[in-house]
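The values are calculated or read from the model by the stated rules, or taken from the named source; none is laboratory data. Fair warning: this is a prediction, and the values are worked out from it, not measured in the lab. Note: ideal-geometry Cβ built from the backbone for every residue, glycine included; neighbour counts use all protein chains shown. Surface areas here come from the heavy atoms of the whole protein model, side chains and all, with no ligands, DNA or RNA. Shrake-Rupley method; radii C 1.70, N 1.55, O 1.52, S 1.80 Å.
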Amino acid sequence: MVRILVMSDSHGNERAIRNALAKEPQTDAVIHLGDGASEALRVAQEDTRPWHIVRGNCDMGEAVPVNKTVTLGGAALYLTHGYAERVKSGLLTLTYTAREKEAAAALYGHTHIPDVAFHEGLVLLNPGAIGSTGNYAVLEITAGDIYPRMCRL
């Protein structure tokens, strides 16, 4: 089993990131889905876990990708902030993009609203805005099966 801490939209609130790390010490990896890439990069330098960070629409000049696909625990995860897929207008583009990448899950932020949905076997997860509301998620992946858990600081 692999446990992954997933957060997004810290918007300068480094303390919220650190609080989530402290609350979830048993996680094996950390994902930050943008709009706070600078503080995520700072904290990641001090942490021993692998970090995967993508750029949000408010992350100017950060040397991180807009999206990427990673495989953790046998499951391919499509990571994006969501602005490029226009998630505030719906999840269709996000769903198609994740399927093109052969991902088992699409993880996104941008809306600040925590949400988990399932679409024909694809997990769609928005952990919410850790910076303003303290919302985040933990994914447990066992033999490629993904089990999301919504959390709050």
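Listed values, structure above:
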read-out	value
Which numbered condition ASP35 fails, given (1) touching a helix residue (DSSP H, G or I) at 6+ places or on another chain (Cβ under 7 Å); (2) assigned to a loop (DSSP other than H, G, I, E, B); (3) crowded, with 23+ Cβ neighbours inside 10 Å	(1)
Some residue of the stretch 112-130 being under 21 Å from MET1 (Cα atoms), in contact (Cβ under 8 Å) with a residue 12 or more places away in the chain, open to solvent by 20 Å² or more (accessible area, probe 1.4 Å) and not charged (D, E, K, R)	yes
Conditions (1) part of a loop (DSSP other than H, G, I, E, B); (2) in contact with a helix residue (DSSP H, G or I) (Cβ under 8 Å, 6 or more places away or on another chain); (3) not β-branched (Val, Ile, Thr); number of the one not met by MET60	(2)
Residue check, LEU107 open to solvent by less than 10 Å² (accessible area, probe 1.4 Å), at pLDDT 95 or above and under 24 Å from ALA20 (Cα atoms)	yes
Pair list, Cβ < 7 Å and 6+ apart or interchain, from the stretch 38-64 residues that are over 24 Å from ARG3 (Cβ atoms) to residues that are at pLDDT below 95 and not aliphatic (A, V, I, L, M)	SER38/GLU62; ARG55/GLU62
The stretch 110-128, residues that are of a type outside the set (A, V, I, L, M, F, W, C) and closer than 27 Å to ALA16 by Cβ	HIS110, THR111, HIS112, PRO114, ASP115, ASN126, PRO127, GLY128
Total residues in the stretch 44-57, condition of a type in the set (A, V, I, L, M) and either under 17 Å from GLY134 (Cα atoms) or assigned to a loop (DSSP other than H, G, I, E, B) (or both)	1
Failed item, numbered, when LEU79 is tested on (1) open to solvent by 10 Å² or more (accessible area, probe 1.4 Å); (2) under 23 Å from VAL2 (Cβ atoms); (3) aliphatic (A, V, I, L, M)	(1)
In the stretch 88-104, residue farthest from PRO50 (Cα to Cα) [restricted to those that are open to solvent by 10 Å² or more (accessible area, probe 1.4 Å) and of a type in the set (A, V, I, L, M)]	LEU92
Per-region count, the stretch 134-152, residues under 20 Å from HIS11 (Cα atoms) and open to solvent by 80 Å² or more (accessible area, probe 1.4 Å)	1
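One line per residue, one yes/no per condition, for (1) open to solvent by 60 Å² or more (accessible area, probe 1.4 Å); (2) over 25 Å from ALA143 (Cα atoms); (3) not aliphatic (A, V, I, L, M):
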| position | (1), (2), (3) |
| --- | --- |
| GLU24 | no, no, yes |
| ASP28 | yes, no, yes |
| ASP47 | no, yes, yes |
| ILE53 | no, no, no |
| GLU62 | no, yes, yes |
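Results for (1) at negative phi; (2) touching a Gly at 6+ places or on another chain (Cβ under 9 Å), shown as yes or no for each residue.
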residue	(1), (2)
GLU14	yes, yes
LYS23	yes, no
ILE31	yes, no
GLY61	no, no
THR69	yes, no
LYS101	yes, no
GLU120	no, no
LEU125	yes, no
ILE130	yes, yes
